[in-house]
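The structure appears right after this line, and notes come after that.
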Amino acid sequence: MNDERKNYKIGAYVLGALLAVVARYLIYLPILDPWDRYREVAHRLGATIFLIFVILVISRLVEKWIDQHEEVEGNRYNLIQITRLLAMVFIMIVALSFLFQNLYAAAASFGLMSLVLGFALQAPITSFIGWLYIIFRKPYKVGDRIQLKNMRGDIVEIHYLDTIFRECSGDYLGNDHESGRLVHFPNSIVLTAEVINYTGELFPFIWNETALQVAYTSDMDFVESCLLRAAREDFEAHYPHLVGEEHAQWLPKVYLRSNSYAWMEVVVSYAVEPTDTTGRRNRILRAVMPRLNAEPKLVQFPEGTRR
């Protein structure tokens with residue numbers, strides 16, 4: 001459906017360009033001699049409209065090519081946005097050249113307008129500069145999960161002036177599920193604030209940990225082995241292509257720490273995709289708890305005087 005819509009727009013722009021060419025020659029028909037003084041203006045207007053449609057056709061063809069050849073969603077989105085921006089700039093130059101007769105006058109007028117608007121629109125211009133920073137430095141792209149100040153979520157759109165993401169966690173959740181709220185923030189924030197990107201291109205995972213509280217009298221080796229087994233089985237089930245010695249850096253680890261409330265914490269640390277932290281924790285706990293509960297002599301949980 002999306003490709004059909006793009007093809008329809010390209011066809012409409014081509015038709016508009018052809019109609020503009022036809023109109024340029026129709027104005028010289030003898031029947032229009034009484035309006036001879038307007039022919040020069042109409043001639044330039046037809047040429048301007050033709051060039052605008054040509055720019056739109058080229059822009060759509062470039063977008064279609066990018067959409068077919070760029071596999072990374074975030075890069076594809078950024079390239080399409082740059083293409084649209086360049087098309088808007090060229091259209092503006094063509095329109096100004098029609099109004100001011102030549103490109104030199106158009107460029108001078110454009111520069112004067114930019115100077116005046118620069119003082120009046122400092123905040124939007126700063127956000128636009130922030131957009132350029134996002135496009136070229138790539139602190140984040142569409143599809144990434146980021147944390148910015150006290151906000152966390154998945155990027156869905158990056159506009160010229162602001163960015164939109166679907167919030168996760170938030171005010172009403174204690175996990176990493178989406179809250180259902182869309183957050184808009186100006187792009188200028190990335191120029192002054194720290195951006196934490198959980199979705200790295202070099203490292204597909206982040207490290208998370210889950211702790212179990214057990215009594216000091218428990219068999220720590222047994223608890224550790226159960227946690228490692230549950231974490232490894234879940235990882236192998238979801239990422240079978242990452243199993244082997246060459247991917248040993250993603251193997252889970254277990255360590256112990258003493259809790260201030262007088263029990264022992266057995267902590268399993270494991271690799272997880274940024275959007276699957278809650279789900280992976282639940283799967284590990286669901287797998288390990290029946291094994292621990294099946295051995296009450298080896299595993300005691302904090303209860304009464306058993307700490």
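The numbers here are math on the coordinates, done by the rules we state, and not lab data. What you see is a predicted model; the values in this text were computed from it and never measured. Methodologically, a virtual Cβ is constructed for each residue, glycine included, from the backbone with ideal geometry; neighbour enumeration extends over all protein chains shown.
Here are the numbers for this structure:
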item: Ranked by how many other beta carbons lie within 10 Å on average, peptides 258-267, 156-165 from highest; result: 156-165, 258-267
item: Backbone HN-Hα couplings from phi across segment 158-164 [Karplus 6.51/-1.76/1.60, Hz, Gly and Pro as x]; result: 10, 8, 5, 10, 8, 10, 10
item: Ascending count of other beta-carbon atoms within 10 Å, so fewest first, for 202, 56, 227; result: 202, 56, 227
item: Ranked list, fewest to most other Cβ atoms within 10 Å of each Cβ, for 281, 145, 229; result: 229, 281, 145
item: Residue-by-residue Karplus 3J(HN,Hα) for segment 76-85, coefficients 6.51, -1.76, 1.60, Hz, glycine and proline x; result: 4, 4, 5, 5, 5, 5, 5, 4, 5, 5
item: Set of segment 148-176 residues, backbone N closer than 18 Å to the point 7 Å along the Cα-Cβ line of residue 195; result: 148-168
item: Two-site FRET efficiency, residue 301 against residue 229, from Cβ-Cβ distance with R₀ of 22 Å, rounded to 0.05; result: 0.70
item: Efficiency of FRET between residue 138 and residue 217 - r from beta-carbon atoms, R0 51 angstrom, step 0.05; result: 0.45
item: Nonlocal amide H pairs with residue 144, under 5 Å, H built at 1.01 Å; result: 155
item: ³J(HN,Hα) computed for each position of segment 51-68 - Karplus, 6.51 cos²θ - 1.76 cosθ + 1.60, integer Hz, glycine/proline x; result: 5, 5, 5, 4, 4, 5, 5, 4, 4, 5, 5, 5, 4, 5, 5, 4, 4, 8
item: Reachable lysines from residue 64, criterion Cα separation under 21 angstrom, eight or more residues apart if same chain; result: 6, 9, 141
